[in-house]
Amino acid sequence: GSIEEPEGDVVPETLTTLATLLAEAGYETAGIQSNVNLKAAFGFDQGFQTYESKVYPEGHGSVVTGMALERVATLKEPFFLYTHY
């Protein structure tokens, strides 16, 4: 298929994300990120069963790493954990 360009800074609902494909294949999917531009409101949570945001400065590296380590301990295999700093 063709790649659709998002309108503005929003992920189009018609775009199939890696998280969606992995969830459909039986993976548990989780996202943890600290970038204000990657908020769920912009569609970046598509395909993730859980998607957490902790925006900088509260979401500095050690906080995001701590969140990821806590989350990975609860994920069932196979899983996909996306962590963005």
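Rolling a 1.4 Å probe over the protein heavy atoms gives the chain an accessible area of 66 Å² per residue. Look at the dipole of the chain built from charges on Cβ: of Tyr82, Gly66, Ala23, the Cα furthest out on the positive end belongs to Gly66.
Computed on the Cα atoms alone, the convex hull of the chain gives a volume of 85 cubic angstrom per residue.
All other residues whose Cβ lies under 15 angstrom from that of Ala25 are scored, Lys and Arg at +1 and Asp and Glu at -1, for a net of -2.
Taking the Cα centre of the chain as reference, the dipole from Cβ charges on Lys and Arg (+1) and Asp and Glu (-1) amounts to some 340 debye. In the context of the full protein assembly, Tyr85 retains an accessible surface of approximately 140 Å², using a probe radius of 1.4 Å and ignoring ligands and nucleic acids. When you restrict to C-alpha pairs under 8 Å that are six or more residues apart and normalise by the size of the chain, the relative contact order lands at 35 percent. Rolling a 1.4 Å probe over the protein heavy atoms of the chain, with every protein chain left in place, gives an accessible area that is 55 percent carbon and sulfur. Seen from Tyr51, the other residues with C-beta closer than 14 Å to its C-beta sum to a net charge of 0, counting Lys and Arg as +1 and Asp and Glu as -1.
The values are calculated or read from the model by the stated rules, or taken from the named source; none is laboratory data. Keep in mind that this is a model prediction, so the values were computed, not measured. As a convention, Cβ positions derive from the backbone with ideal geometry for all residues, glycine included, and neighbour counts pool all protein chains shown. To get the accessible areas, we keep the full protein, side chains included, count just its heavy atoms, and leave off ligands, DNA and RNA. Shrake-Rupley method; radii C 1.70, N 1.55, O 1.52, S 1.80 Å.
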